[in-house]
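Bear in mind that the values in this text are calculations on the coordinates, not laboratory data. Because the structure is predicted, anything quoted here is derived from the model rather than measured. A quick note on method: Cβ atoms are made from the backbone with ideal geometry, for glycine too, and the neighbour counts reach across all protein chains shown.
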Amino acid sequence: MDREEAVSLIKEHIKKDYLFKHILAVESIMRGIARYFNEDEELWGLVGLLHDIDYEKTADDPKNHGILAESFLKGKVVESIIHAIKSHNSEYTGVMPESRMEKSLIAADAISGLIVAAALILPSKKLIDVKVESVAKRFKEKDFARRCSRENIMVCEEIELPKEKFFEIALKAMQGISDELGL
């Protein structure tokens, strides 16, 4: 499956604009991490793009998040993509993240919301005005963007990516698609 096919499939299952933008943000972060580690940017991008394909149908049923995605994707993508998607919800699926790609997805999923929140509190509400230092500062503020799991963000260190470098990669990736994100 290429990116165009993935976007088309996502649009069949995702109707909410905010969720589609989240998916694009995670895709861009995954591509940035892949570049950093000299990994397959297309594969990692697809993982980010497809990771929440079932979210609208499983938001009230988290035990099936990732499981339903597998039924949408089986036979259309390589198994490593499905495994990564299921592992980003390991507490319900029981599929533990093992690879660098899988752990990156967990961290990318969490940091995207923190960066969006950091942009939205600025007068400009623009990603271009967010600095790595402000992401680091907001990360330390436990009451800021409470739903963004700091624990999941810190998974970046399990793949030998220091959090400050991770913040930089994620922010630059999202700034690179700021027009698509409307930020």
Highest average packing first - 50-61, 165-176, Cβ atoms within 10 Å: 165-176, 50-61
Prolate/oblate/rounded label for the stretch 137-183 (Cα gyration tensor, a/c 1.5): oblate
The stretch 21-72: Rg to Rh, with Rh as the Kirkwood radius over Cα pairs: 1.07
Estimated inter-spin distance, MET154 and ASP60, nm [label 7 Å along Cα→Cβ]: 3.4
Label-point separation, TYR36 to GLU5 (7 Å along Cα→Cβ), nm: 3.0
Cα→Cβ-extended label distance, 7 Å offset, between GLU141 and TYR18, nm: 1.9
Volume in Å³ per residue [convex hull over Cα atoms, computed for the stretch 47-112]: 78
Angle between the chain longest axis and helix 3-13 axis [Cα atoms, degrees, rounded to 10]: 80
Reach of LYS137 by Cα under 18 Å, taken over lysines that are not fewer than 8 positions away in the same chain: LYS125, LYS126, LYS163, LYS165, LYS172
Whole-number Å³ per residue for the convex hull built on Cα positions in the chain: 109
Ranked packing of 102-108, 16-22, 113-119, 32-38, most packed first, by mean Cβ within 10 Å: 102-108, 113-119, 32-38, 16-22
